[in-house]
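Trainee: Quick one: the structure is below, and I'll ask about it shortly.
None of the figures in this text is laboratory data; all of them are computed from the coordinates on show. It should be emphasised that the depicted structure is a prediction, and the values quoted were computed from it without experimental measurement. We place every Cβ from the backbone using ideal geometry, glycine too, and count neighbours over all the protein chains shown.
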Amino acid sequence: MEELYPVAGPAIEKCASCNTSVSNSDVYCGDCGYPLKGNEQEQQNFLYKRDVADIDMAHFNKQLKNAANSLYYLAGVFVLTGIIFYFIKNDDPDAFVILLENLVLAFVFLALGGYARKKPLACIVSGLCLYAIVIILNVITNPATLFYGILVKIAIIGYLIKGIKSAIEIERLKKEYHLN
Amino acid sequence: MSENTPKDVEITTCSQCGGEVRLNSKFCNYCGSRLSANSDDFGKSWTRLKEAALFYGIDIVACCLASFVGIFKTLGWSLFFDILMAISAILFFAYNWSENKHLLKWKSFSFLKLSGYAAIAICCSVIVHYSVGWLNVVIFNKDENYFELLRGNLAAEVFLIFFTAVMPALFEELGYRGYLLQNLLRIADKDQAIYITSFLFAIIHMSFISLFWLIPFALFLGYTRVKENTLWYGIFIHFFFNLTACVFQILAAH
C-alpha cells in the first residue's frame, strides 16, 4: 500500500483497525474511518461497532450460504426431473428436448450457485428471476404445476430473498468497516 | 503537513470539511466523514430492488403471455404487449428522472465512433444469423409472427422494421440499460450491476439457444452504456443488430 499512497512526513504508521498505512498527520484513517487521534473512548467505540458488524457479517454469510445451497438444490431437481421424465415418456418426441432444457437449466443454476460467494447479489438475483420464469411458464402450460411441492417452492424463494437482503447488507458492511 | 505531499498523489477535497484527501480514500482523513457517493442505506437499497422487481415482473408476465398463450398470438395482442412494455419502460425511467436524465444526453457524440459501433452490431448480427442458423429463435419467431400476419399488407416490411428494430432498440435500452442498470448501480458495484441487467435481459427473451449470444451481446451493451455514459450508442447498436436480422427475414420471405 505504501507505493500506492506515497505520503510525506517522517513517520508512517499502521491503522489499529484495518492495518492500512496512514500518515501521522491524519486524524481519521482514510480506508476505514478509524479515529486515529481520538481518545481511548472513541477508539474503543469504533472497534466495538466494528466487532458487532463482524458478528452481523457472519450471520449474513450464513444466509448467503443457504441461498447458494438453494441454487444447488434447484440444479439437482432439474437434473432429476429431466432424467425421470425422459425415461417415463420415452416415446414422446419432445422428450429429448425437454431433457436437454432441464440439463441446461441445471447447469445455469449450478454455475450461479458456484459464483454466489464471489458475486452474491448478481447470482442470487439472477437465480430467483430464472426460477420465477420457470414457474410462470410451467403454470401457463399446466396451471396445476403451481401446487406441486408448493412448500418447497416457498422455502426456496424465501431463502433466495433472504440471500438477496444479506447480499445488500454485506456490500454495505464491507464498504463501511473494510471487512472481508 | 499537506503542503509536503508529493505531486504524484491524486488529491481531491472532502465535501464536508474541505480538507485535502487522497483520491482513493474512503473516509476523510480530517473529519472522518464518508467520501464515496454510493452510500444508500439498507432500506433505500431494498426499496430500489423491489421497484426493479416490479418493472421486471411486468415484463416477465407480458412476455410469457405474449409468447406462450395461444389466444394472445394475434397481431393486435402482440402490439398491445409491445406497447405495454414500452409504456412501462418510459414510466419507470421517468419515475427516477433526476438520476436518469443525464443518460439521454449525448455529449461524447462522434460520427466515427457511431459508425464503428454500427459496424460491430451488423457483424455480430451476421455471425449470429449464420452460426445459430435455424436454431436462432426468439427475434425471428416474433418476426415471423408479424410477417405471417402482415402478409399481403403493402406496408408489411415497414411495419416489421418498426416493431422489431425501432421499438425494441428504443424501449429495451430505455428500460434495461437505462432504468434498471442505473438503479442497480446504486445498490451493487459496476460489474455486478451489468451482469444482473444482462442476465435478466437475456432470459426475458425466453429462448434457450439465444442465451448463448444474448448474454455476451447484453454485456457489450451494458459496458458500452457505462463507458460512454449515454444510452444513444446502445440504442443504435441494438437498432442495427435487429435491423440486420430483419433484412435477413425479408430476404428469406422474397
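Trainee: For segment A:83-180, which trypsin sites (Lys or Arg not before Pro) are both in a DSSP coil and crowded by at most 16 other Cβ atoms within 10 Å? Mind showing how you got there, number by number?
Mentor: Working: sites: A:K89, A:R117, A:K118, A:K153, A:K162, A:K165, A:R172, A:K174, A:K175; in loops: A:K89, A:R117, A:K118.
Within segment A:83-180, the qualifying trypsin sites (Lys or Arg not before Pro) (loop, at most 16 other Cβ atoms within 10 Å) are A:K89, A:R117, A:K118.
Trainee: Taking the number of other C-beta atoms within 10 Å as the exposure measure, put B:H205, B:H129, B:H238 in order starting with the fewest. Mind showing how you got there, number by number?
Mentor: Details: B:H205 19, B:H129 16, B:H238 24.
Result, fewest neighbours first: B:H129, B:H205, B:H238.
Trainee: Of the listed pairs A:K62/A:K174; B:K50/B:K227; A:K89/B:K73; A:K49/A:K119, which have alpha-carbon separations greater than 19 Å here?
Mentor: B:K50/B:K227; A:K89/B:K73; A:K49/A:K119
Trainee: So which trypsin sites (Lys or Arg not before Pro) in segment A:24-81 pass both tests, a DSSP loop state and at most 16 other Cβ atoms within 10 Å of the Cβ?
Mentor: Taking segment A:24-81 and a limit of 16 other Cβ atoms within 10 Å, the loop trypsin sites (Lys or Arg not before Pro) found are A:K37.
Trainee: For segment B:42-253, what is the charge dipole size about the Cα centre, in debye to the nearest 20, if Lys and Arg each add +1 at the Cβ and Asp and Glu each add -1 at the Cβ?
Mentor: Details: 15 positive and 13 negative charges, 126 e Å.
Here the size comes out at about 600 debye.
Trainee: Taking the Cα centre as origin and putting +1 on Lys and Arg beta-carbons and -1 on Asp and Glu beta-carbons, what dipole magnitude results for the protein assembly as shown, to the nearest 20 debye?
Mentor: Values: 35 positive and 36 negative charges, 66 e Å.
That gives a dipole near 320 debye.
Trainee: If you project the alpha carbons of segment A:39-86 onto the principal axes, what extent comes out on each, in Å, largest first?
Mentor: So the three principal-axis extents are 70, 8, 5 Å.
Trainee: Using a 10 angstrom cutoff on alpha carbons, build the Gaussian network for chain A and name the most mobile of A:A95, A:A144, A:A75.
Mentor: A:A144
Trainee: Right, something else. Using a Förster distance of 60 angstrom, determine the FRET efficiency expected from the C-beta separation of B:Y95 and A:F87, and round it to 0.05. Let's see the in-between values first.
Mentor: Numbers: r = 50 Å, r/R0 = 0.84.
With a Förster radius of 60 Å, E is 0.75.
Trainee: For chain A, give me every cysteine whose Cβ has no other Cys Cβ within less than 4.7 Å, ordered by residue number.
Mentor: Here A:C123, A:C129 come out as lacking a disulfide-compatible partner, given the Cβ-Cβ threshold of under 4.7 Å.
Trainee: Turning to a different aspect of this structure: Hey, fewest Cβ within 10 Å first, where do B:Y179, B:Y117 land in order?
Mentor: B:Y117, B:Y179
Trainee: Further question on the same structure: Based on the alpha-carbon gyration tensor of segment B:41-96 and its eigenvalue square roots a ≥ b ≥ c, which shape applies: rounded if a/c is under 1.5, prolate if not and a/b is larger than b/c, or oblate?
Mentor: oblate
Trainee: Could I ask something else about it? Kindly give Rg over Rh for chain A, based on alpha-carbon atoms, with the Kirkwood expression for the hydrodynamic radius.
Mentor: 1.23
Trainee: Would you report the distance distribution of C-alpha pairs in the protein assembly as shown as whole percents per 20 angstrom bin, up to the bin with the largest distance?
Mentor: Taking every Cα pair in the protein assembly as shown, the percentages come to 22, 48, 25, 6, 0.
Trainee: Next question. Could you work out how far apart the two model spin labels at A:N61 and A:L146 are, taking each label as a point 7 Å from the Cα in the direction of the beta carbon, and quote it in nm?
Mentor: In this crude spin-label approximation the distance works out to 4.0 nm.
Trainee: Work out the mean other chain Cβ neighbour count within 10 Å for the residues of B:191-198 and drop it here as an integer.
Mentor: That works out to 4 on average.
Trainee: Can you sort A:T141, B:T164 so the residue with the fewest Cβ neighbours within 10 Å comes first?
Mentor: A:T141, B:T164
Trainee: What is the Cα centroid distance between segment A:76-128 and segment B:180-254, reported in whole angstrom?
Mentor: What the calculation gives is 24 Å, centre to centre.
Trainee: Compute for segment B:174-251: radius of gyration divided by Kirkwood radius, i.e. Rg/Rh, restricted to C-alpha atoms, rounded to two decimals.
Mentor: Here Rg/Rh amounts to 1.00.
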